[in-house]
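Handing you a structure now.
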Ligand SMILES: NC(=O)c1ccc[n+]([C@@H]2O[C@H](COP(=O)([O-])OP(=O)(O)OC[C@H]3O[C@@H](n4cnc5c(N)ncnc54)[C@H](OP(=O)(O)O)[C@@H]3O)[C@@H](O)[C@H]2O)c1
């Protein structure tokens, strides 16, 4: 049975991502207000790329389309410097209807060159780096200057800076280091983990988190399982630590 709220949501989903009808339960939690979603596509042995950084294609076409739907549904898409270096992605919405998000690149030391496609083509890009490495622009990107936190940037400050620009719905697309840092900082509302029936033996790890001594000290999660072609997608709600 639909509530009044559902009536408002469903046409919006269908208008923005028309191929999503069969998976509304997966997308509905993402439509209501500010949300920070992390996403990983990994192999059965928890790799997101081969040792030389190749990640096309870990998951199948249905998961790639799912990623484009997420881009269409979010204000901003965030990736780490490692993903820009390995893939030189455009991060635009191409495989479904809908707008492209603002692109946000995390690069603490501002070590990336300016020739990558996010800095030359397509929708607006923001480059987030440490305050002591900042300037006004980086290629065509605007620079967000942030405090350092541990080995990276202060992610609470990043999300506040994005909210101040009207970007409250934030999709963390990868890679593993970046999604792990958001998870460790306690600022994710949700995780989508796609698992492909593939073994690579070695490669770039999905999650890199501090180890624990006993299984009961680990982060135990709840999940709902969805089929995405030959892959499975685990939809994992989290309780963010932020206010
Ligand atoms: N299968 C998938 O879902 C998927 C998705 C995306 C990418 N990939 C693949 O994954 C690989 C890259 O992943 P990765 O884990 O090695 O790297 P990554 O997460 O893309 O980038 C890591 C780098 O991003 C910067 N960074 C990330 N979080 C930060 C934070 N909180 N504060 C400041 N800087 C931050 C840091 O750069 P500095 O060290 O320079 O400061 C860090 O070393 C590539 O091979 C790519 O093809 C796979």
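State which residue pairs qualify: first residue closer than 16 Å to residue 83 by Cα and touching a residue at least 60 places away in the same chain (Cβ under 8 Å) and inside region 109-131, second residue within 12 Å of the ligand (Cβ to nearest atom) and in a loop (DSSP other than H, G, I, E, B) in any location, beta carbons under 8 Å apart, and separation of 6 or more residues or different chains.
Within 8 Å, no pair qualifies.
In region 84-101, what residues are in contact (Cβ under 8 Å) with a residue 40 or more places away in the chain and over 21 Å from residue 63 (Cα atoms)?
none
Same structure, new question: So which residues in region 112-121 are in a loop (DSSP other than H, G, I, E, B) and surrounded by fewer than 18 Cβ atoms within 10 Å (Cβ to Cβ)?
113, 114, 115, 120, 121
Separate question: Name the residue that is nearest to the chain's Cα centre (by Cα), counting only residues in region 99-111 that are in a loop (DSSP other than H, G, I, E, B) and crowded, with 21+ Cβ neighbours inside 10 Å.
If we take residues in region 99-111 being in a loop (DSSP other than H, G, I, E, B) and crowded, with 21+ Cβ neighbours inside 10 Å, then 101 is nearest to the chain's Cα centre (by Cα).
Sort through 51, 43 and tell me the only one that's surrounded by 20 or more Cβ atoms within 10 Å (Cβ to Cβ), more than 8 Å from the ligand (Cβ to nearest atom) and farther than 22 Å from residue 101 by Cα.
Result of the check over 51, 43: 43.
Scan region 157-167 and give yes if some residue there is in contact with a helix residue (DSSP H, G or I) (Cβ under 6 Å, 6 or more places away or on another chain) and surrounded by 15 or more Cβ atoms within 10 Å (Cβ to Cβ), otherwise no.
Looking for residues that are in contact with a helix residue (DSSP H, G or I) (Cβ under 6 Å, 6 or more places away or on another chain) and surrounded by 15 or more Cβ atoms within 10 Å (Cβ to Cβ), one finds none in region 157-167, hence no.
Let me ask something else. Regarding region 134-142, can at least one residue be identified that is more than 9 Å from the ligand (Cβ to nearest atom), closer than 17 Å to residue 79 by Cα and in contact (Cβ under 8 Å) with a residue 60 or more places away in the chain?
So far as region 134-142 goes, no, none of its residues is more than 9 Å from the ligand (Cβ to nearest atom), closer than 17 Å to residue 79 by Cα and in contact (Cβ under 8 Å) with a residue 60 or more places away in the chain.
Please verify whether region 144-155 includes one or more residues that are at pLDDT 95 or above, surrounded by fewer than 17 Cβ atoms within 10 Å (Cβ to Cβ) and farther than 19 Å from residue 82 by Cβ.
There is at least one residue in region 144-155 that is at pLDDT 95 or above, surrounded by fewer than 17 Cβ atoms within 10 Å (Cβ to Cβ) and farther than 19 Å from residue 82 by Cβ.
So, one more: Considering only region 122-133, state which residues are within 10 Å of the ligand (Cβ to nearest atom) and surrounded by fewer than 18 Cβ atoms within 10 Å (Cβ to Cβ).
133
Additional query: Among the residues of region 168-186, which ones are away from the ligand (no atom under 12 Å from the Cβ) and surrounded by fewer than 18 Cβ atoms within 10 Å (Cβ to Cβ)?
168, 186
Under the condition of being touching a residue at least 40 places away in the same chain (Cβ under 8 Å) and surrounded by fewer than 20 Cβ atoms within 10 Å (Cβ to Cβ), which residue from region 56-81 is farthest from residue 205 (Cα to Cα)?
Selected residue: 75.
With the condition kept exactly as written, say whether any residue in region 195-215 is over 25 Å from residue 108 (Cβ atoms), under 20 Å from the mean Cα position of the chain (by Cα) and near the ligand (Cβ under 10 Å from one of its atoms).
yes
Restricting attention to region 65-85, which residues are touching a strand residue (DSSP E or B) at 6+ places or on another chain (Cβ under 7 Å) and farther than 23 Å from residue 189 by Cα?
84
When residue 26 is evaluated against the numbered criteria (1) over 22 Å from residue 228 (Cβ atoms); (2) at pLDDT 90 or above; (3) away from the ligand (no atom under 16 Å from the Cβ); (4) touching a helix residue (DSSP H, G or I) at 6+ places or on another chain (Cβ under 9 Å), which criterion, by number, is the only one it fails?
Status for residue 26: all satisfied but (1).
Then there's this: Take region 57-90 and flag every residue that is more than 8 Å from the ligand (Cβ to nearest atom), closer than 17 Å to residue 195 by Cβ and not in a helix (DSSP H, G or I).
The answer is 57, 60.
The values are calculated or read from the model by the stated rules, or taken from the named source; none is laboratory data. Just so it is clear, the model here is predicted, and its values are computed rather than measured. Virtual Cβ from ideal backbone geometry, glycine too; neighbours counted across all protein chains shown.
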